[in-house]
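Here the structure comes first, spelled out in structure tokens, and everything after it is commentary.
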Amino acid sequence: MSLEYPKQAKALSRVSERSMAMVRAREAVPVAPVGGRLAPIGVGAVEITGGFWAERRAVNSASTLEHCTSWLEELGWLANFDRAAAGQRSERSGREFADSETYKVIEACAWDVAGAADPQARETAERLYQSLAARVVAAQQPDGYLNTRFGGAGQPERYSDLAWGHELYCAGHLIQAAVARLRTAGEDAFVRAAYRVADHVCSVFGPGGAEQVCGHPEIETALAELARATGVDRYRQTAAAFVERRGRGLLPPSLFGSAYFQDDVPVREATVLRGHAVRALYLSAAAVDVAVDTGDDDLLAAVVRQWDATLARRTYLTGGMGSRLMDESFGDDYELPSDGAYAETCAGIASIMLAWRLLLATGEERFADAMERAMYNIVAASVGRDGRSFFYANTLHRRVAVDDVDPSTPHPRSVSGLRAPWFDVSCCPTNSARFLASLPGYVATADGDGVQIHQYATSRVRTVVRGMNVDLDVETDYPVSGRVAVTIRTDAAEPWSLSLRVPEWADGGARLDGVPVVGPVARVTRAFSSGDTVVLDLPVVPRLVHPDHRIDAVRGTVAAMRGPLVECLESIDLPPGARLEDVVVLPEPPRLEAGRVVLRGVTVEASQQLPYRREPDRSSRSSEPFDVVLVPYLEHAERGPSAMRVWLPLATPDPEATA
Ligand SMILES: [Zn+2]
């Protein structure tokens, strides 16, 4: 089948920033759209200097990179490159996508070389980058092909299993790592190797080539970004071709149907994200890339429509996406069981990548709200405080305390009771590592009006607005408190606007310099002088959240949140003898005590008979009310095995008591 490729850009009407190209040229951004509403400010130009994310990033630099590398070495996934270089491919270790874990560590190193706060960490990252990159480059074939699983003596032929082989997926991660290096340090042997990989992919699959797609999207965003970084349009055309081909039944239907691969409906016609969650989100991110760079408003609108439907009907309170363990997929609408929640860490990261692209394209802060939700409640919850343990699946309800992790062995399954050091399929730890390393690139943007701060962290931001240098310092201990102070460090010849996101959860309670302000954006326009300070106060007081009645699995329950943080109850915090499953909470407002969110609750004795009755369950209370002390979800399982739940059953009102 022959497809038409989107015509090259009528310029998007939303493009407003004359200085976009200049901003981008001097800054290292993870995503560099040609069009769209906002221009990202890159790693290095945004420095996160203190607070929550600085701490997480320091652990990522100091522990996670070394930790991941040692597992890659231990399991022979790195040696796969050495064996391929030596022509000894028959002994390969690991799954078909193992190469990609090395590429994600290389990408993390590339970002850290430019963005780690500690100069020592930058040097360490550079050394690690050099050693890993050299081993990868050595494995490249003379024609540019590079994969340790296919094409060698005793191995399957190249591209003989596009549905499951992950060849193009791996190539995509290699290219992404190279783009990070190109933007942070410039061209080198690894970057040139990635050009040759991309050229090889384009020669086989580009316009006029094989009408096929990879079972796991990733090559699409990679080629789109390489086109942006190099100006080579062939990469963008091939990315666009892959996006347009999908949904036309080119892959053999999986056990889980064509929707698993998003090969059931073309991207332009789909109404909601479905199938394998990470695949769906990576594909959508690529569709935004293609849409924005070609001025294809219809394609962009299609992705926004799918995002909106997915957020409204297929997203957990934590921002987690993907309900089903069996095929790591989105479930049906409102199929959001807490105890069966899959919510893979990679899907959380992919949702952030998609939401960021939609934010840049549209300028709408609701996408930054979604990013914040997943950043605190998926990414930060997945990675242990030690940076050496990880959740792959992020359940919202663990019925029993499970001690199933051996820190010296990869966990065999994606679901674990504690954070595991590594997994047989270990996509999530390395994905977290590259995301945290690139995090400064997801904080702030600029346009012709001024600077927009989307995520709050103590940081320094430097950019250019209409030719004026703008430096500012953000001071905050968010999300512990909601006070965000922005101090301008440059004098402006003419007015510009400082825009601060008012999170959806804060609307109605936010203040700007003491004056109530409504969201989604608090904006100050002024010819700022150095030393001017603007203070945004966000109400990070505990609040209850009620689920839509259509989410059957959690009907009749409430959850607590504080600012962006989802709270949960762990059995370790219950009074002696109380069981998590017996706890119901009373309909009283939550309060904050010694930094912990506290509800009131009772335990109710369980029936010893069939647990179904003719009358609604108004069991008599079996305990005196007690304090139900919660912990942020991102800290769950940090104190050892514990039963845990986010959604807490609400005590059924007693009709006699209210009569
Ligand atoms: Zn993963």
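The values are calculated or read from the model by the stated rules, or taken from the named source; none is laboratory data. As the structure is a computational prediction, the values presented were derived from the model and not from experiment. Neighbour counts run over all protein chains shown; Cβ positions are idealised from the backbone, glycine included. Remember, those area values only see protein heavy atoms, side chains included, never the ligands or the DNA or RNA. Shrake-Rupley method; radii C 1.70, N 1.55, O 1.52, S 1.80 Å.
Among all residue pairs at least 6 apart or on different chains, which show Cβ distances below 6 Å where the first residue, located in the stretch 342-356, is closer than 15 Å to GLN306 by Cα and the second is within 10 Å of the ligand (Cβ to nearest atom) and in a helix (DSSP H, G or I)?
Final answer for the pair search is ALA350/VAL278.
Kindly provide the set of residues from the stretch 233-276 that are open to solvent by 50 Å² or more (accessible area, probe 1.4 Å) and of a type in the set (S, T, N, Q), ordered by number.
Result: GLN237, THR271.
Going through the stretch 93-143 one residue at a time, which ones are outside any helix (DSSP H, G or I) and either buried (at least 19 other Cβ atoms within 10 Å of the Cβ) or of a type in the set (Phe, Trp, Tyr) (or both)?
Within the stretch 93-143, GLY94, GLU96, PHE97, ALA116, ALA139, GLN140 meet the criteria.
It is to be established whether one or more residues within the stretch 437-457 are in a loop (DSSP other than H, G, I, E, B), within 16 Å of the ligand (Cβ to nearest atom), in contact (Cβ under 8 Å) with a residue 12 or more places away in the chain and among the charged types (D, E, K, R).
no
Look through VAL59, VAL113 and report the one residue that is in contact (Cβ under 8 Å) with a residue 40 or more places away in the chain and in contact with a helix residue (DSSP H, G or I) (Cβ under 6 Å, 6 or more places away or on another chain).
VAL113
Looking at the stretch 325-337, I want the residues that are within 15 Å of PHE256 (Cβ to Cβ) and among the polar types (S, T, N, Q) and have a partner that is modelled with pLDDT under 95 and open to solvent by 20 Å² or more (accessible area, probe 1.4 Å) with Cβ atoms under 8 Å, at least 6 apart or on another chain. Which pairs are those?
SER329/PHE256
Within the stretch 240-254, can you find the residues that are without any contact (Cβ under 8 Å) to a residue 24 or more places away in the chain and farther than 20 Å from ALA302 by Cβ?
Selection gives PRO253 alone.
Can you name the residue in the stretch 310-367 that is in contact with a Phe, Trp or Tyr (Cβ under 8 Å, 6 or more places away or on another chain), part of a loop (DSSP other than H, G, I, E, B) and among the charged types (D, E, K, R) and, of all such residues, is nearest to the ligand (Cβ to nearest atom)?
Among those that are in contact with a Phe, Trp or Tyr (Cβ under 8 Å, 6 or more places away or on another chain), part of a loop (DSSP other than H, G, I, E, B) and among the charged types (D, E, K, R), it is GLU344.
Restricting attention to the stretch 391-436, and to residues there that are within 11 Å of the ligand (Cβ to nearest atom), polar (S, T, N, Q) and in a loop (DSSP other than H, G, I, E, B), which single residue is surrounded by the fewest Cβ atoms within 10 Å (Cβ to Cβ)?
SER414
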